[in-house]
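All remarks here apply to the structure that follows.
Coordinate-derived values only; no laboratory data. Bear in mind that the values here come from a model prediction, so they are computed numbers and not experimental data. Note that each Cβ is placed from the backbone with ideal geometry, even for glycine, and that neighbours are counted across all protein chains shown.
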Amino acid sequence: MGKLIDVSMPLSSTIPIWPGDTLFAYELTWTKEESGSVNVGQVTMSTHTGTHIDAPFHFDSNGERVLELDLDLYAGTALVVDVSGRECIRPDDLKDVSLEGIQRVLLKTGSWKDRSVFPSIITCLHESLAAYLFENGVRLIGVDVPSVDPLDSKELSAHHALHSKGIHILEGLVLDDIEPGKYHLMALPLPLKEADGSPVRAVLSR
């Protein structure tokens, strides 16, 4: 395995969040001076802050929670595909991409231009893409934006279509400097038993 390339958003008080969601905060509960031996911190955040995975429970009350997910989905060979300049990704946008033997696809949309602010418009996935990915053996789709659906969507058509085909979702990747091609991906969720999502430290290597 080669050098690890971090493709995660740094978690800090300045990270943009979904409007109205929980602000990220880290603070010391005890300082070394107070405890006599150690600094101990606490973190407050949404499970959908920065680079994260969606468990099906996020959009389906009967769906799997984070700890029930197959960890193998989040580690292994992944194909980075550049789909920049498109408003919504459809099967035709991947027709010239060989997905043979690929279970994980990471889409580089380039549509989140300024990561210091939450975007107003992003490249989304069309619900028809789910069947195409399924037919080609893909089990995980990753995107460099906060959602696979339009930001104002209430129906979450892409989320539900992907779920219906057993395809899991990784969002908020930082792929700006990543060239298209095959990599080894590691983006393991935390073992949150009841959770609807989890932050991940996503890394690529070659």
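Against the numbered list (1) assigned to a loop (DSSP other than H, G, I, E, B); (2) hydrophobic (A, V, I, L, M, F, W, C); (3) surrounded by fewer than 23 Cβ atoms within 10 Å (Cβ to Cβ), Phe134 comes up short only at (1). Scanning the stretch 122-148 for residues that are out of contact with any Leu (no Cβ under 7 Å at 6 or more places or on another chain), over 17 Å from Val80 (Cα atoms) and β-branched (Val, Ile, Thr) yields nothing. Residues of the stretch 166-206 that are part of a loop (DSSP other than H, G, I, E, B), touching a residue at least 60 places away in the same chain (Cβ under 8 Å) and charged (D, E, K, R): Asp176, Glu179, Lys193, Glu194, Asp196, Arg201, Arg206. Residues in the stretch 113-131 that are surrounded by 15 or more Cβ atoms within 10 Å (Cβ to Cβ) and among the β-branched types (Val, Ile, Thr) were compared, and the one that is nearest to Ile89 (Cα to Cα) is Thr123.
If you go through the stretch 138-151 one residue at a time, do you hit one that is over 17 Å from the mean Cα position of the chain (by Cα) and surrounded by fewer than 19 Cβ atoms within 10 Å (Cβ to Cβ)? No - not one qualifying residue is present in the stretch 138-151.
For the stretch 48-70, the set of residues classified as surrounded by fewer than 22 Cβ atoms within 10 Å (Cβ to Cβ) and among the charged types (D, E, K, R) consists of Asp60, Glu64, Arg65, Glu68, Asp70, listed by residue number. Pairs linking a residue in the stretch 28-41 that is part of a strand (DSSP E or B) to a residue that is aliphatic (A, V, I, L, M) and exposed (fewer than 12 other Cβ atoms within 10 Å of the Cβ), with Cβ atoms under 9 Å and 6 or more positions apart or on different chains, are Trp30/Val38.
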